[in-house]
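K.L.:
Right, I'll just put the structure down here and ask away after.
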Amino acid sequence: MKPTEHLCAADDPEHVRTPPVTYVSVLGGGAPGTDEFYRKKSLVTDIARELNDAEASPVVEIQYWYPEGSTPVEIADFYSVNPIPSLRYRVLSKVQAATTQTDVDTARTRAVSAADRTSDEIAVFSLPEQDVVQVMHHGPFAEEYATLERLGNHARGRRVRRSGPHHEIHLDAFTRTTPQDTLRTILRDPVA
């Protein structure tokens with residue numbers, strides 16, 4: 001399996017091995033694009049900025065899955081089978097591998113984020129080295145369906161299936177009002 005850099009993906013679907021990654025994270029639920037989604041995205045960004053020496057715009061990543069008991073979905077039909085508001089998600093931003101929960105708690109206090117709520121459980125989260133299929137999506141999020149279909153076809157051709165949460169890596173910072181025509185998003189699914 002060809003290894004790849006964490007923040008790299010080709011324009012054509014590929015089957016690669018990603019490195020282990022450590023994150024600061026917060027869990028959420030519901031449709032992407034809601035006020036709560038953007039609040040949690042802002043919170044993780046603010047804390048990651050503190051942990052990463054005030055990096056101007058940390059890369060935000062999101063894992064998505066459906067609750068237990070939902071209709072099973074594969075890569076190509078991830079967003080088209082179950083109701084989108086039933087999604088569960090984890091907002092993530094990469095931090096140093098040695099980051100501890102104490103580091104995260106200290107950074108949270110220093111960040112003084114307007115997006116912070118006492119009910120938010122901010123945690124260190126790690127992904128192991130893993131086999132994935134991935135592709136770079138260019139443009140609006142609403143056009144991901146066609147890109148996911150290409151990625152799903154590639155996975156079927158390799159005789160692999162999704163084996164964990166769908167993962168999106170947003171290489172460009174965005175808000176609710178950001179034009180989406182030039183956004184770059186890595187669509188990645190762990191496979192077995």
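The values are calculated or read from the model by the stated rules, or taken from the named source; none is laboratory data. Bear in mind that the values here come from a model prediction, so they are computed numbers and not experimental data. Because the Cβ atoms are built from the backbone with ideal geometry, glycine has one as well, and the counts that use them run over all protein chains shown. Protein only, heavy atoms only, side chains kept; ligands, DNA and RNA dropped before computing areas. Shrake-Rupley method; radii C 1.70, N 1.55, O 1.52, S 1.80 Å.
K.L.:
Under 10 Å, Cα contacts only: if you run a Gaussian network model on the chain, which one of Asp131, Asp11, Asp46 comes out with the highest mean-square fluctuation?
P.N.:
Looking only at Asp131, Asp11, Asp46, the biggest GNM fluctuation is shown by Asp11.
K.L.:
Using a Gaussian network model of the chain with C-alpha springs under 10 Å, which one of Ala155, Ala111, Ala98 is most mobile by mean-square fluctuation?
P.N.:
Ala98
K.L.:
Let me have the relative contact order for the chain, percent, based on Cα pairs under 8 Å that are six or more residues apart.
P.N.:
32 percent
K.L.:
May I pose another question? Could you work out [θ]222 nm for the chain from helices alone, using -39500 (n - 2.57) per DSSP H run of at least four and dividing by all its residues? Round to the nearest 500 deg cm²/dmol.
P.N.:
-7000 deg cm²/dmol
K.L.:
While we're looking at this one, here's another question. Which shape class, rounded, prolate or oblate, goes with the stretch 1-78 when its Cα gyration tensor gives a ≥ b ≥ c as root eigenvalues, a/c under 1.5 marks rounded, and past that a/b bigger than b/c marks prolate?
P.N.:
oblate
K.L.:
Here are a few candidate values for Kirkwood radius over Cα pairs in Å: [x] 17.1; [y] 17.6; [z] 16.5. Which one was actually calculated from the structure I just gave you?
P.N.:
From the options [x] 17.1; [y] 17.6; [z] 16.5, the structure gives [x].
K.L.:
If we count GluC sites (Glu not before Pro) as exposed when they sit in a DSSP loop and have at most 16 other beta carbons within 10 Å, what is the longest stretch of the chain that avoids them all?
P.N.:
Between exposed loop sites, the widest span is 130-192.
K.L.:
Then there is this: Leaving out ligands, DNA and RNA, and with a 1.4 Å probe, what % of the accessible surface on the stretch 23-68 is carbon or sulfur?
P.N.:
Carbon-and-sulfur percentage of accessible area, whole number: 48.
K.L.:
Here's something else I'd like to know. Please report the net charge: other residues with Cβ closer than 13 Å to the Cβ of Arg110, K and R +1, D and E -1.
P.N.:
Spelling it out: positives minus negatives among the neighbours equals -4.
K.L.:
I'd like the carbon and sulfur percentage of the solvent accessible area for the stretch 73-148, probe radius 1.4 Å, heavy atoms only, ligands and nucleic acids excluded.
P.N.:
Accessible surface attributable to carbon and sulfur in the stretch 73-148 totals 55 percent.
K.L.:
Between Thr22 and Ala173, 0.36 nm times their residue separation minus their Cα-Cα distance comes to what?
P.N.:
In short, 52.4 nm is gained.
K.L.:
Straight-line reach from Lys2: which lysines have Cα under 23 Å away, leaving out those fewer than 8 places along the same chain?
P.N.:
Output for Lys2: Lys94.
K.L.:
Now, a different point. So what's the stretch 75-176 giving for Cα Rg divided by 2.2 N^0.38 Å, two decimals?
P.N.:
1.32
K.L.:
How much accessible area per residue does the chain have, counting only protein heavy atoms and a probe of 1.4 Å, in square angstrom?
P.N.:
Heavy-atom SASA per residue in the chain reads 49 Å².
K.L.:
So for Ser42, Ser86, Ser25, what's the accessible-area order with a 1.4 Å probe, most first? Spell out each step's value before the answer.
P.N.:
Working: Ser42 55, Ser86 30, Ser25 5 Å².
The residues order as Ser42, Ser86, Ser25, largest area first.
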